[in-house]
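Quick notes on the structure that follows.
Every number here is computed from the coordinates shown, using simple stated rules; none is lab data. Not measured: the values here are computed from a predicted model.
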Amino acid sequence: MAVGEKKVHFGVYSGDRFLAERALKRRLRELGDVEAVVLWGDEASAADVLEALGTPLLFGAGKPRAVVVRRADPLAGNQRLIAALRGGPPEGIAVFFLGDEIKGPLATAADEFVHFPKPTKAELRELAAELMREAGLRVHGFVVDMLVEACGGDAMRLAKEVEKLSIWKGGKLPRERIPELFYFSEPAPFGFLEGVGWRDLRRALAELSGLLSRGWDPMRIFHLLTAHVRQLILAKAAEEGEPLPEGPEWLWRRRAQQARNFTKKELLEWLRILQELDLSIKQGELTPEAALYLFTLRALPGA
């Protein structure tokens, strides 16, 4: 944000969901330390939004607040809501609406309204390079080309492809294996990850055994498991008011459901265990297959 530029306290972002979420994340970061209240416009009413704008949080007395309404299209024409926000949100409160096609008075009353059309191929290239830099990855033209090709014009999918690539950050991924990473035809091992996420030991062990018997690379499964645990931690943080992580909305809702089964302390302990096991694999003390079974049995004892 430029020096002297006023912070946005009332924003409306529509169109491409990934780009809208990035805009929200940027504005929340500029506001600094705020308590966040997240509502879903297809579940909440205008009265719920107004209550969130006017009711102090239990532990947030005196702290600035940001009310975030996702999937806000059903509320965009509500006259009561529009009238209440025409002069802006109350002092010390910011409010942001995200939707597919928000128009009319709610959009025009906002400090900032941006509709993000589906990005062009050139814009996707710029976004790919930006996401790679944010992930701490070196930007290579041929990798950007493959990322753009693999995402099929979808900005959210592009972000997931970069996330997939970032799993290998710090490791050695030969150039000829990069296309395999992007275009790997077999789906991710969702059954195993779901078993872990729902604390279902029997399912997790059965799915893991099946994956390994079908020839899945155990190190690939280990990296995907680590990424899944990180995503559960992010989902837990979103439950506590942090911005919703980038990616398909339905998937983050499911992760949020799973995250409710854990405390943040438990998930961070899982991550610590995975880091220890990863070190043991690198030092040749454990095979990746053994590490997967050890983690599953330690993380889900007696489940």
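The C-alpha atoms of segment 59-144 occupy a region whose extents along the principal axes are 52, 33, 19 Å, arranged from largest to smallest. On full extension, the segment bounded by PHE142 and ASP33 gains 35.3 nm, given 0.36 nm per residue less the C-alpha separation. Here's the list of lysines a cross-link from LYS121 could span, going by alpha-carbon distance under 20 Å and ignoring same-chain residues fewer than 8 apart: LYS160. If the reach is capped at under 17 angstrom between alpha carbons, list the lysines near LYS265, excluding any in the same chain fewer than eight residues apart. Qualifying lysines at Cα under 17 Å: LYS236.
Would you kindly calculate the mean projected area, averaged across all directions, of the convex hull enclosing the Cα atoms of segment 10-116, in square nanometres? Could you put the intermediate results ahead of the total?
Numbers: hull surface 23.8 nm².
If I average the Cα hull's projected area over directions, I get 6.0 nm².
For segment 19-27, the Karplus equation 6.51 cos²θ - 1.76 cosθ + 1.60, evaluated at θ = phi - 60°, returns couplings of 5, 5, 5, 5, 5, 4, 4, 5, 5 Hz by residue, with Gly and Pro reported as x. Straight-line cross-link partners of LYS6 among the lysines, defined as a Cα under 18 Å from its Cα and at least 8 positions apart when in the same chain: LYS25.
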